[in-house]
Structures are given as C-alpha cells and as structure tokens.
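Q: Pasting a structure here, questions to come.
The values are calculated or read from the model by the stated rules, or taken from the named source; none is laboratory data. These figures come from a predicted structure and were not determined experimentally. Every residue, glycine as well, gets a Cβ built from its backbone with ideal geometry; the counts of neighbours run over all protein chains shown. These area figures cover heavy atoms from the full protein model, side chains too; ligands, DNA and RNA do not enter into them. Shrake-Rupley method; radii C 1.70, N 1.55, O 1.52, S 1.80 Å.
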Amino acid sequence: MNYIKKRWMIFLLTLIPILIFGVILFGNSSSSQSKAELTILEAIKLANLSALKWDENAQLLTAVNIDLEDKAEKLIGSDGKRKYWNISFGVPDTNKFFLVTIHKGEIKETNDLTNNGDSPFPKKEFIAIEDINYDSPQLLKKALKLDAVNPGNDWAKGYNFMIRKDPETDIPLLLVIGWNKELKSIVSVYFDATDGNHLVTSNPIGDD
C-alpha cells in the first residue's frame, strides 16, 4: 500500500510542473496571438504614441486595416480585429501628415508624408480619440445583426474596418466593410463611433 501511495506521489509531483509549464506556454501563446491582432481603437491608441512624438499637436485623421492577411486564413476580422493597419495623423490647419503602419500588433514603420504643396487640413476633418466610444468588435456585432454585410473571400477578405470624420455632420464614422450576399459588391455599414448608432448602409453597386 505504501508503495502504491509512493508511486502516486511521484506521479503527481511529476505531473504538476508539466501542467503548470503547459499553462504558462498556452498563456504566452494566447497573449502573443491577441497582441498580433488589434481592434481599430487599439491600433489607433498604439499609433498615437508615435504620432505625438512626431508632433505634440498631432491628431487622428483616418484609420483603416490593410488587406495583407494570408488568403488561406479563415474568418479574418470575424472578431473585429485585424493584423495590419494604416493610421494617419495630421496637425490641424497645417499640411503636416504622418502615417503609422502596424503589422501584427507592433509598429512596422512611420513616415512623415508632409508635402509642401498640399493644402492644410481643416480642423473639422480631425477626430478626437476620446470621442471614439465604440470599437470594431462591438460594431461588427451590430452590423451582423442587421444582416447587411458578409465576409469577402479574396480581395478585401473577411471583415474590414475604417474610421474617418464626416466633416459635414461632424460625426466620427466607424465603417464595417464587407460584401453583399452574392459576394459581388462591397457593402459599407456606417456607425456613429460616439454613440454606436447605425447611420446608413451603402447600396452595393449593381443591387436594386
């Protein structure tokens, strides 16, 4: 009996460190995966750190994911996150322009794209980050409930996301972009990023 108990003790003492090590590895793997994909708001906040180093008066102009994922991947953007982003900033009433490119949760490159011949960006085109109260995962769920958008299979694969300002209404817009049911035309579902309200769904070209 003592022999059996001893064997069980040895087994448990061997198993427990393996389980703990496995949990640590799994946790690190999950953490790496979650950091590799960002929501649109996470991408904006990450890029904003570089923008403020470029110019302390920098403000957000647009944010959009880049269609660089492996075409073999399935369900791209289905959780409201993407791996690749372009986030653009400027300085109000100047022509200063700055682009931050994010790959897999990290800043890949930054570029000052200021062109002296360009017109200044008016204040009404900029978005205050603190006014973005809804993120891409939340608004993707709303878009899916509307049954208005479907994931693409090739170009613009999966679900895509963009933020920009409507200068006429002064509303920061978050777009959920996909395809119609026939996968022949791109569909954009417009939301107010401040209150999450659905504003309009674009009519796909060729649809009645």
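Q: Among the listed pairs Lys53/Lys108; Lys108/Lys142; Lys104/Lys145, give every one whose C-alpha distance is greater than 24 Å.
A: Pairs exceeding 24 Å: Lys108/Lys142; Lys104/Lys145.
Q: On to the next question. If you average 1/r across every pair of different Cα atoms in the range 41-113 and take the reciprocal, what Kirkwood value do you get, in Å?
A: Numbers: mean 1/r = 0.0783 Å⁻¹.
Roughly 12.8 Å, rounded to one decimal.
Q: Then there is this: Spin-label point model (7 Å from Cα, Cβ direction): what's the Leu144 to Asp170 distance in nm?
A: Taking the two extended label points, one gets 3.5 nm.
Q: Within the range 82-182, report the chymotrypsin sites (Phe, Trp or Tyr not before Pro) that DSSP leaves as loop and that have at most 11 other Cβ atoms within 10 Å.
A: Filter output for the range 82-182: Trp155.
Q: If you don't mind, there's one more thing I want to ask. Which sequence of His198, His103 reflects their accessible areas, 1.4 Å probe, from the largest down?
A: His198, His103
Q: What are the principal axis extents of the Cα atoms in the range 52-208, in Å, biggest first?
A: Principal-axis extents of the range 52-208 (Cα, largest first): 44, 35, 28 Å.
Q: Binning every alpha carbon pair distance of the range 133-205 at 10 Å from zero, what are the percents per bin?
A: 22, 54, 23, 2
Q: Starting from the Cα of Lys96, draw a straight line to each of the aspartates and glutamates and keep only those under 15 Å, dropping any in the same chain fewer than 8 residues away.
A: Asp55, Glu56, Asp112, Asp118, Glu125
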